[in-house]
Amino acid sequence: MIPPERIRNFSIVAHIDHGKSTLADRLLEVTHTIDKRLMQSQVLDSMELEREKGITIKARAVRVHFDAADGHTYALNLIDTPGHVDFTYEVSRSLQACEGAILVVDATQGIEAQTLANVHLAMAQNLTIIPVINKIDLPSADPEMVLDELEETLAIPRQEVLLASAKDGTGVREILEAIVERVPPPAHDGRAPLAALVFDSHYDPYKGVVAYVRLAAGTLRDHDRIRFMATGAESDILELGYFRPQPVPTTRLVAGEVGYVATGLKSIREVQVGDTLTSADGGATEQLPGYQEPLPLVFAGIYPMRGDDYPELRDALDKLHLNDAGFVYEPESSVALGFGFRCGFLGLLHMEITQERLEREFDLDLIASAPSVEYRVKVLHKADELVIDNPAQMPGPGEIEQISEPWVSTQVITPTDYIGPLMELATTRRGEFQNMEYLDPRRVNMHFEMPLGELIIDFYDQLKSRSSGYASLDYSYIGYRPGDLVKLDVLVAGEPVDALSLIVHRSNAYRSGKALVDKLKELIPRQMFEVPIQAAIGSHIISRETIRAMRKNVLAKCYGGDITRKRKLLEKQKEGKQRMKRIGSVEIPQEAFLAVLRMNDGA
Amino acid sequence: MTPVPHHLYVHVPFCRLVCAYCDFVTVGGRADDTPRYTDALLDELAVRPAPGELRTVYFGGGTPSLLSGVQVGRVISAARERWPDVALEEVTLEANPSQREAPDWSGLRAAGVTRISLGVQSLRETDLVALARGHSASEARGAFASARESGFENISIDLIYGIPGQSLADWRAGLEAALELGPDHVSCYALQLALSPDEWAAPPRPGALRWRNRMVPRQDDELASDQYRLTEDVLAAAGYRHYELSSWALPDREARHNSAYWARRAYTGIGAGAHSYDGAAERSWNVRDLDAYLLAAETGERPIADREVLDEQIRAFEAIALGLRRVDGISRTAFVGEFGHDPMERYAAGVAATVRNGLLEVEGDVIRLTSNGRLLASEVLVAFVPEPPTGSAARR
């Protein structure tokens, strides 16, 4: 049994691809936690998708034993953090479970926006920062530049910075020694009422919800009855343990320790990240600070490509929902797309990952509507505000007193070469420039405030393409602000196409409307009659095109009595028509919808 | 009791030049095989049943005029011998108006051919060059005159519109020039250049596909539909009756053989790739490949490739699809009499839309395409396509 003063709890803060997972692997290897031969690259990223995208979605905690130079053996708990902007809250909870954080910066890339945001989070929670410049083995490594940046932007003295190559193992022992020396042991009041921070959870079909906890005070025993303070859920512990990295059951965890609790609870919603676990009887009276309900920010309609797949999609969403507290959904239907679900996500990446998991793990073909945010709408002569996450549900312009939309504060770190183009990008997206600071002579950190609705449509891709991939982005929600927003409808032969409605700023309405109308004109095949396509705000038409009627479709010749082939052609034609979606009497190929929805992603 | 009419189609696949737009069973450079092929046709005829009363014979191709009068005569005689009941009303042969392969007009006449279908296609040199027809307008005029001089009283000509570079005025001039020849029957076809494998009977040669790829972007559906309208006006003014989507005739000069297809009468097709219909529930067709056809026929078997049994729904659909090709349309009562339901009712929703859009009209007992509808015949017919059997609808 390792005494509490020889426990160290720490996280790794790094940008995507800067080597966090490789470093974590190396730490497990050097401490003999896992046999080198059995080492599957990047053990901590356990989901296939995480490994492919190079990001960590679910935090994991691993205990390693390290024989330090002082002759003692230490228990080091590595608490892995998600590395993406959508999961800022999860990151903050993981950091709250630690006393120290290793800041990993790529020697060839320098500091990126999300890293900076996360280091600020860690510093705000008084964590000890151990700065590490990684990838010093690369020929293009420029540790001097990174040392300057760390000094300039985070006031980190050069002599505190460790140089390492997680790939070849250089400096890994030194990092472990630094954790032991610099990171304080956790406070360990084992007698106070039990209070444990839930910093992650997942659903296990056999053990129910498994909570990942850091004990702040008290002792947790494997036969305790526990209560989650925010949700009020209670249960008996089915299993208590820690990870090395496979689960190791134990009989107790004490203040300062990190481990897992299998609760047998059936819904992940009963075990929210940030909640406080305590004893069911005579537990803590106050929650640990910082708990927030998960806040979905980005919304989209998700529909099965084939209407028959609706039940499968429902099952798949139910299953994903079990394991992802940040994801919400409810059924909706669309004239154009049929039956589907309105889904809310923590952010864009979260949406992308969820869609991909649905398609990959559940073998579904999906259509997603353009992402939207939640608008708050004041209706004339009514006291209550409407909350609208689907543009199609927006009331008519005559009924609206005011629309408010969520705003975010963004920071963009970029080489100075791209300041101009990125400034322009942000301003065309209604970004309001706040200030800019130099990280070093070649890189700046620009701050904007902008509507989230503008950010979620293609902003990140544009940012990458306009900066040749060098710029990085972080954003955080700052609140609702009123805006001159309008609902833009698309009408095909006079019928509104609900799936294509958009909420846009009035100044962009004409441009967006024209782009949609032009694209539809190109994609909708000629019909037996003339089809007008219009973009409208309320009853006011702002753009119009006409698809002329089809003039000719006839098989002029009968091939020497070959009636069969002719019939087969007509059958094919009919099959094609049946796959089409109908807006009024107009038949529109599904591909046309897809192309327009993709255009929304990219316009 | 009146005997059941029967019809014989004879496919002759040989061509000196195979046209890049053609989708029929054709083979170039094999004209030396015509004697062997004629024998094979007789072999096949000998093993095919000869039901009903033989009313028409039609030599289609390919280029049937590459056969000599003697060869054609052998086939006609064999057919006359094979059928117990013969009352020939029409023996048509498709001919190519090229000097280099000048048809054996008097030989054909002597063999019993009564009607010529001449592949004029256009009387405008640039069109003939664009289509690589291998004959000139004056050769076409000459061929027509020679056929008349040889005593053919019933001559049809084929013309093609929708050719890239052919304006509305060009088409009018070509039509009028064609009428000066005094044809008894005119067939006008839109140049259809199928690019999608769905529409191919067999993959076109790479050269033909390249040619189509070049031509298709230069085609203009709007212009082609104007050309069709103009055709209706010009031919009507000249006394030709529009009786089928692509066919116009002077009084009593309608193509009897083709009319049998549209009336769903029984026909026997012999030759490579030829189709047959028993007049009831079975369609069947021969192998397309010339050598495979020859070998099979020579062993004394029918060179059949496949057959299809039509269920009631499909037969009803065919009755509509073929009936609507005729300008006179279909009789509702006759249809109800045969199939027990009204064609306007079974697929009411889709059919109603075609009526609403002015493509189909119902007048008393008659259902027919409107003038707009003739140009959009496929759109109308799709509304009548039966639902696939439920089993095959589940694709996953």
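Just to be sure, is residue B:160 within 23 Å of residue B:23 (Cα to Cα), of a type in the set (A, V, I, L, M, F, W, C) and within 22 Å of the chain's Cα centre (by Cα)? Criteria met by residue B:160.
Cβ separations smaller than 7 Å between residues 6+ apart or across chains give the following pairs from segment A:515-542 residues that are open to solvent by 60 Å² or more (accessible area, probe 1.4 Å) to residues that are assigned to a loop (DSSP other than H, G, I, E, B): A:526/A:548; A:526/A:549; A:526/A:550; A:530/A:548; A:530/A:549. Condition first: within 11 Å of chain A (Cβ to nearest Cβ) and outside any helix (DSSP H, G or I). Now tell me which residues in segment B:342-372 satisfy that. The answer is B:347, B:357, B:358, B:359, B:360, B:369. Within the set A:513, A:584, A:538, A:561, the sole residue that is at pLDDT 85 or above, at positive phi and not assigned by TED's automatic domain parsing to the domain that holds residue A:339 turns out to be A:538.
In segment A:397-450, the qualifying residues are those that are out of contact with any Pro (no Cβ under 9 Å at 6 or more places or on another chain) and of a type in the set (Gly, Ala, Ser), and the one that is farthest from residue A:476 (Cα to Cα) is A:398.
Taking only segment B:198-218 into account, find how many residues are more than 10 Å from chain A (Cβ to nearest Cβ) and either in a helix (DSSP H, G or I) or closer than 13 Å to residue B:163 by Cβ (or both).
Qualifying residue count for the region: 13.
Mind checking whether some residue in segment B:138-153 is within 14 Å of chain A (Cβ to nearest Cβ) and either at pLDDT below 90 or touching a helix residue (DSSP H, G or I) at 6+ places or on another chain (Cβ under 8 Å) (or both)? Looking for residues that are within 14 Å of chain A (Cβ to nearest Cβ) and either at pLDDT below 90 or touching a helix residue (DSSP H, G or I) at 6+ places or on another chain (Cβ under 8 Å) (or both), one finds none in segment B:138-153, hence no.
Hand me the list of strands (runs of 3 or more DSSP E) wholly inside segment A:491-603 holding 1 or more residues that are of a type outside the set (D, E, K, R) and in contact with a helix residue (DSSP H, G or I) (Cβ under 6 Å, 6 or more places away or on another chain).
Output list reads A:502-505, A:531-537, A:540-547.
Of note, residue B:144 does not satisfy the criterion of being open to solvent by less than 10 Å² (accessible area, probe 1.4 Å), part of a loop (DSSP other than H, G, I, E, B) and farther than 28 Å from residue B:216 by Cβ. Yes or no: residue A:128 farther than 21 Å from residue A:180 by Cβ and either in the same structural domain as residue A:26 (by TED's automatic domain parsing) or touching a His at 6+ places or on another chain (Cβ under 9 Å) (or both)? No.
Screening the candidates B:168, B:191, B:195 for the property of being at pLDDT 95 or above and either within 14 Å of another protein chain (Cβ to nearest Cβ) or over 30 Å from residue A:565 (Cα atoms) (or both) yields one hit, B:168.
The set of residues in segment A:364-387 being in contact with a Lys or Arg (Cβ under 8 Å, 6 or more places away or on another chain) and in a strand (DSSP E or B) consists of A:385, A:386, A:387. When residue A:304 is tested against the conditions (1) within 27 Å of residue A:205 (Cβ to Cβ); (2) touching a Gly at 6+ places or on another chain (Cβ under 9 Å); (3) modelled with pLDDT under 85, the lone failure is (3).
Taking each residue of segment B:138-152 that is touching a residue at least 24 places away in the same chain (Cβ under 8 Å) and looking for partners that are assigned to a helix (DSSP H, G or I) and surrounded by fewer than 16 Cβ atoms within 10 Å (Cβ to Cβ) with beta-carbon atoms closer than 7 Å, six or more apart or interchain, yields B:139/B:99; B:150/B:106.
When only residues in segment B:99-131 that are in a helix (DSSP H, G or I) and charged (D, E, K, R) count, which is farthest from residue B:164 (Cα to Cα)? Among those that are in a helix (DSSP H, G or I) and charged (D, E, K, R), it is B:109.
When we screen A:147, A:127, A:163, A:176 for residues that are touching a Cys at 6+ places or on another chain (Cβ under 9 Å), of a type in the set (A, V, I, L, M, F, W, C), buried (at least 17 other Cβ atoms within 10 Å of the Cβ) and closer than 28 Å to residue A:110 by Cβ, the only hit is A:127.
Yes/no per residue for (1) more than 7 Å from every other protein chain (Cβ to nearest Cβ); (2) of a type in the set (Val, Ile, Thr); (3) closer than 30 Å to residue B:319 by Cα:
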position	(1), (2), (3)
A:527	yes, no, yes
A:531	yes, yes, no
A:534	yes, no, no
A:547	yes, yes, no
A:552	no, no, yes
A:562	no, no, yes
A:573	no, no, yes
A:576	yes, no, yes
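Of all residues in segment A:567-584, those satisfying the criterion of being closer than 28 Å to residue B:274 by Cα and either touching a Gly at 6+ places or on another chain (Cβ under 6 Å) or open to solvent by less than 40 Å² (accessible area, probe 1.4 Å) (or both) are A:567, A:569, A:570, A:574. The strands (runs of 3 or more DSSP E) found wholly in segment A:215-257 and carrying at least 1 residues that are among the small types (Gly, Ala, Ser) occupy A:234-236, A:239-243.
For segment B:185-214, filtering for residues that are more than 23 Å from the chain's Cα centre (by Cα) and either open to solvent by 80 Å² or more (accessible area, probe 1.4 Å) or over 15 Å from residue B:18 (Cβ atoms) (or both) leaves 4. For residue A:564, the requirement of being within 42 Å of the chain's Cα centre (by Cα), open to solvent by less than 60 Å² (accessible area, probe 1.4 Å) and among the polar types (S, T, N, Q) is not met.
Considering only segment A:424-432, I want to know if a residue exists there that is part of a strand (DSSP E or B) and either in the same structural domain as residue A:154 (by TED's automatic domain parsing) or farther than 29 Å from residue A:332 by Cα (or both).
yes
Restricted to helices (runs of 4 or more DSSP H) entirely inside segment B:223-327, those with at least 2 residues that are open to solvent by 40 Å² or more (accessible area, probe 1.4 Å) and among the acidic types (Asp, Glu) are B:290-298. Quick one: in segment B:1-49, of everything that is acidic (Asp, Glu) and either in contact (Cβ under 8 Å) with a residue 24 or more places away in the chain or within 14 Å of chain A (Cβ to nearest Cβ) (or both), which residue is surrounded by the most Cβ atoms within 10 Å (Cβ to Cβ)? It comes out as B:44.
Please go through segment A:281-309 and pick out each residue that is surrounded by 18 or more Cβ atoms within 10 Å (Cβ to Cβ) and not in a loop (DSSP other than H, G, I, E, B). Within segment A:281-309, A:298, A:299, A:300, A:301, A:302, A:303, A:304, A:309 qualify.
The values are calculated or read from the model by the stated rules, or taken from the named source; none is laboratory data. Given the structure is predicted, the values throughout are model-derived calculations rather than measurements. Backbone-built Cβ (ideal geometry, glycine too); neighbour counts: all protein chains shown. Remember, those area values only see protein heavy atoms, side chains included, never the ligands or the DNA or RNA. Shrake-Rupley method; radii C 1.70, N 1.55, O 1.52, S 1.80 Å.
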